[in-house]
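What follows is a set of notes on a single structure, which appears directly below.
The values are calculated or read from the model by the stated rules, or taken from the named source; none is laboratory data. The shown structure was predicted, so the numbers you read here are calculated from the model rather than taken from an experiment. Methodologically, a virtual Cβ is constructed for each residue, glycine included, from the backbone with ideal geometry; neighbour enumeration extends over all protein chains shown.
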């Protein structure tokens, strides 16, 4: 950044600080009394109270937050990405994740910045077809680095991350899905589940309302959550059973086919306390010893226990790309390159690009770059398909005076004027425009046909 631009942003930052302080008067205090606002909402309200929403940079910040909820990037969990928030252009990240009832979405954020920087993390629930307005269901304090939420419905969720105005820094975000319950048989995990939710029973007359976990007779069965034993009994189907009430999450846990019950009704138990021993009582006679485990939500009936217990065996992927490219331009090095919706070769192709197409690297996940095209759309490209732009692809001698533009667009503003006869290095091509480098290293655009 040159000195003139740096001084400008320092001045704007000073004005912003003064305006925000002066804008947090009695009106804001009263609003806080009558309406509980999230950190993001409070910050947005302070911008509006200070009339910064009438400035270009304030409008850009508010628009970036809204746009991130519309132009989301679907990601598969676990997910990890490193990128950069520029100070001169407000930016918000929007990640779409598919989650199941009973899972816990956990978002961790690491920031590297020269100055303290507030970053707002929010989680939104949306509809399957993404047609409805996202509903905020969780958020993190602006000083917190972690956001977590226990999923209540099988829906897409959007993670939004946005820093405050005029602050730059490198971010690393990790998003995972974790189980909310401890596995009911120690030493086992979801890979030991033999019969799943929805399997047919009684020749298809009914469906399996739980999961079966096989283990040797007499293996301890433990409390998956802190709670109160609501019932200890015996039934023709379940045999010897224990019901555990989980008041914190509005559900009952059901343990069936036990060989022995080792608790009494009304007993308080902690996570890991033994409730009984694996057996094959009830209608499980004739099968191998196993635990039937079910979950029944208060007033809503049975639900699939699998997401509540499943811990992914997939490790959090490491970021393998060259981090020096983040925040800088690269170009397509191969004859053709596919941009993909997600950082995976199995993901849908977003667009196919020609050689020398310029891409601004905004982040990196695994061995994929998150890139922005000159039209401001973003997608992912395999890192091996691009290269830096330090070497020119050709030298163009101008036949006439040309404006050096700040964008590859007919409405772009001229940054400078290049006189006829100038020999200028071309580092990338995009439609009717060339990305060129001046002697002082600055990049700009010129029309390809002069």
Residues being outside any loop (DSSP other than H, G, I, E, B) and touching a helix residue (DSSP H, G or I) at 6+ places or on another chain (Cβ under 9 Å) - total across the stretch 130-145: 3
Filtered residues of the stretch 297-331 (kept if assigned to a loop (DSSP other than H, G, I, E, B) and under 16 Å from residue 379 (Cβ atoms)): 321, 326
Output for the stretch 380-419, where each listed residue is part of a loop (DSSP other than H, G, I, E, B) and over 14 Å from residue 438 (Cα atoms): 393, 399, 400, 401, 407, 408, 409, 410, 411, 412, 413
Criterion: surrounded by fewer than 20 Cβ atoms within 10 Å (Cβ to Cβ), modelled with pLDDT of 95 or more and outside the structural domain of residue 70 (by TED's automatic domain parsing) - qualifying residue of 204, 198, 227, 233: 233
Residue 1, sole failed condition from (1) exposed (fewer than 15 other Cβ atoms within 10 Å of the Cβ); (2) at pLDDT below 95; (3) under 20 Å from the mean Cα position of the chain (by Cα): (3)
Number of positions in the stretch 332-352 that are touching a residue at least 24 places away in the same chain (Cβ under 8 Å) and part of a strand (DSSP E or B): 7
Search result, residues across the stretch 255-303 that are more than 15 Å from residue 240 (Cα to Cα) and either touching a helix residue (DSSP H, G or I) at 6+ places or on another chain (Cβ under 6 Å) or surrounded by 21 or more Cβ atoms within 10 Å (Cβ to Cβ) (or both): 295
Count of the stretch 353-376 residues which are in a loop (DSSP other than H, G, I, E, B), in contact (Cβ under 8 Å) with a residue 12 or more places away in the chain and closer than 15 Å to residue 73 by Cβ: 2
Output for the stretch 410-426, where each listed residue is closer than 18 Å to residue 375 by Cα and surrounded by 15 or more Cβ atoms within 10 Å (Cβ to Cβ): 412
Where residue 165 falls short, out of the listed (1) touching a strand residue (DSSP E or B) at 6+ places or on another chain (Cβ under 9 Å); (2) closer than 25 Å to residue 124 by Cβ; (3) surrounded by 18 or more Cβ atoms within 10 Å (Cβ to Cβ): (1)
